[in-house]
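Trainee: Starting off with a structure, shown below.
The values are calculated or read from the model by the stated rules, or taken from the named source; none is laboratory data. This one's a predicted model, so the numbers in the text were calculated from it and none came from an experiment. Note that each Cβ is placed from the backbone with ideal geometry, even for glycine, and that neighbours are counted across all protein chains shown.
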Amino acid sequence: MKNKVVALMILMGVATTANAQFGNLVGGLLGGAASASAGGGGDVGVMVEEFNRDANNINEAVTYSLIQIVAALGDKKQIAEVKAVNDSLAKTTDPKEKGSIQGTAIKEQSAVAGELLKSQEAKDKIAKMSPEMQKKVGQSIFAVGVASLQIPVAILRGKQIVSSIGSNPFNITKVLPVKDGLLIFSEVIPKLPSIVTTGYQLMRDVKIEPGNATKESKLVADKEPVFPE
């Protein structure tokens, strides 16, 4: 139990560092993300529920967006890999298993998507896509942009939840589920700004407007990605 408390205290530091990194990066890239404030007080159990709900929404939207970007721009091997992830998500009904698949996909495919968007062939590929695929890619980049701006809010909320165990150590069993969400966010934060800025520039280069992403924008997961035939 002591080790778990120490781990959670370390996470508070991780979340703080990640949030500072993200604020600097995205603030410059998307015109500035408005700072989020974590309110004081409240029932820990309810706060954990809200954090998990928001984290799940973000992770789901980012996962399917990355699947779509890689499916549209990747080579045969990369497309096969994200299709396997998509098939696994479609077959999985257990929330914990689904969350694990999403967490792995975000960590792995965010790097792949970022490299594909920066490749020399990306602009030409997007220009030659069908209108349906162009729309899907644009929506995916928009979703990643929205998620990018909502993650700092979730991190601040997670920090508040973790800090609550200081006044009541018995809350540790309620707080532990927040750990995984904070870890995923801290790992993916450095990779998102490049995806967003590169993706937006590419879409606009081919005269497609993805839309203005804000932290108040509705975040929707497109669970039906299109794969090349």
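Trainee: Give the residue, chosen from T214, T198, that is under 24 Å from Q102 (Cα atoms), of a type in the set (S, T, Y) and touching a Lys or Arg at 6+ places or on another chain (Cβ under 9 Å).
Mentor: Going through T214, T198 in turn, the sole match is T198.
Trainee: Identify all residues within the stretch 154-171 that are over 16 Å from G103 (Cβ atoms), touching a residue at least 24 places away in the same chain (Cβ under 8 Å) and not basic (K, R); write none if there are none.
Mentor: Result: L156, Q160, I161, V162, S163, S164, I165, N168, P169, N171.
Trainee: Can I ask one more? What are the pairs with Cβ atoms under 6 angstrom where one residue, in the stretch 57-72, is touching a residue at least 12 places away in the same chain (Cβ under 8 Å) and under 13 Å from V112 (Cβ atoms) and the other, located anywhere, is among the aromatic types (F, W, Y) and outside any helix (DSSP H, G or I)? Sequence gap at least six, or different chains.
Mentor: A71/F227
Trainee: Looking at the stretch 88-116 only, could you name the residues that are touching a residue at least 40 places away in the same chain (Cβ under 8 Å), under 17 Å from the mean Cα position of the chain (by Cα) and closer than 14 Å to G199 by Cα?
Mentor: S110, A111, V112, A113, G114
Trainee: Would you confirm whether or not the stretch 205-226 contains a residue that is assigned to a helix (DSSP H, G or I), among the hydrophobic types (A, V, I, L, M, F, W, C), closer than 28 Å to G45 by Cα and at pLDDT 90 or above?
Mentor: Looking for residues that are assigned to a helix (DSSP H, G or I), among the hydrophobic types (A, V, I, L, M, F, W, C), closer than 28 Å to G45 by Cα and at pLDDT 90 or above, one finds none in the stretch 205-226, hence no.
Trainee: Kindly establish whether K174 is more than 20 Å from the chain's Cα centre (by Cα) and in contact (Cβ under 8 Å) with a residue 40 or more places away in the chain.
Mentor: Numbers: more than 20 Å from the chain's Cα centre (by Cα): yes; in contact (Cβ under 8 Å) with a residue 40 or more places away in the chain: yes.
It is true that K174 is more than 20 Å from the chain's Cα centre (by Cα) and in contact (Cβ under 8 Å) with a residue 40 or more places away in the chain.
Trainee: Restricting to helices (runs of 4 or more DSSP H) lying wholly in the stretch 67-171: which have 2 or more residues that are in contact with a Phe, Trp or Tyr (Cβ under 6 Å, 6 or more places away or on another chain)?
Mentor: In the stretch 67-171, the matching helices (runs of 4 or more DSSP H) lie at 131-163.
Trainee: Which one of these is crowded, with 16+ Cβ neighbours inside 10 Å and touching a Ser or Thr at 6+ places or on another chain (Cβ under 7 Å): K179, K159?
Mentor: Of the residues listed, the single one that is crowded, with 16+ Cβ neighbours inside 10 Å and touching a Ser or Thr at 6+ places or on another chain (Cβ under 7 Å) is K159.
Trainee: Then there is this: Which number in (1) modelled with pLDDT of 50 or more; (2) assigned to a helix (DSSP H, G or I) marks the one condition that N24 misses?
Mentor: Checking N24 against (1) modelled with pLDDT of 50 or more; (2) assigned to a helix (DSSP H, G or I), the one that fails is (1).
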